[in-house]
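Take a look at the structure set out below.
Here, each number is a calculation from the coordinates, and none is a lab measurement. Keep in mind that what you see is a predicted model, and the values were worked out from it rather than measured. Here Cβ is always computed from backbone atoms with ideal geometry, including for glycine, and neighbour counts include all displayed protein chains.
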Amino acid sequence: MDQGFDKQKLVQDFANLLSQMEQAIRGTSGPSPEGGGGLLGGRSPEEHFSKGTIDSFTDYEELNLPDGRILRRYDSGAVRVENPKSGIIQEERADGGLIISLPNGRVIFQEYRGEPLLVYDTDRGGAPSLARVGSATLPEESQAKFVFHFQDQDGSHLVDLETLRYYRVRRPD
């Protein structure tokens, strides 16, 4: 008997666990043995990151963009942008690799800059399909926008590169 998993609850539980771990680390961390004040050079996180917040557990700076997207810059060089409204998360790694997570269980992956954009279906599995970058006039827009797009058994999928809005055009039955 398969009861399935509540993905939202799993994600929330994981976020809570990370938060608890961060609080535990903050509670037990003291001044560095060298007396240099650690990574921030004796400055508070607020002084170091005046326009955002810092997560000391995963070492990132977070900025809330005016359009509602969330931008995170990691010490590793990776940059993550999340659109909470569409559920899309895009991360560009320091080595140039790209990962875009879609709310429908699909992931667009590019190993290195210039390599093909592969689409993996994490729910159904199977061989990856190919995504492309192109332009399209999206609903409520008067000018064409650059988009990632791909097709599969569910229809055509488009992601606005700038806003990370997601569109799906279903095939007629």
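Based on the Cβ-Cβ distance of Glu140 and Asn64, what FRET efficiency does E = 1/(1 + (r/R0)^6) give at R0 = 22 Å, to the nearest 0.05?
For Glu140 and Asn64, the calculated efficiency is 0.40.
Ranked highest first by the average count of other Cβ atoms within 10 Å around their residues, in what order do 125-136, 81-92 fall?
Descending mean neighbour count gives 81-92, 125-136.
Taking 7 Å along the Cα-to-C-beta vector as the label spot, tell me the Ser76-Val169 distance in nanometres, rounded to one decimal.
3.6 nm
At 0.36 nm per residue, and after removing the present C-alpha to C-alpha distance, how many nm does the segment from Arg124 to Glu162 gain when stretched out fully? The partial results should precede the final answer.
Details: separation 38, 0.36 × 38 = 13.68 nm, distance 2.83 nm.
Extra length available between Arg124 and Glu162 comes to 10.9 nm.
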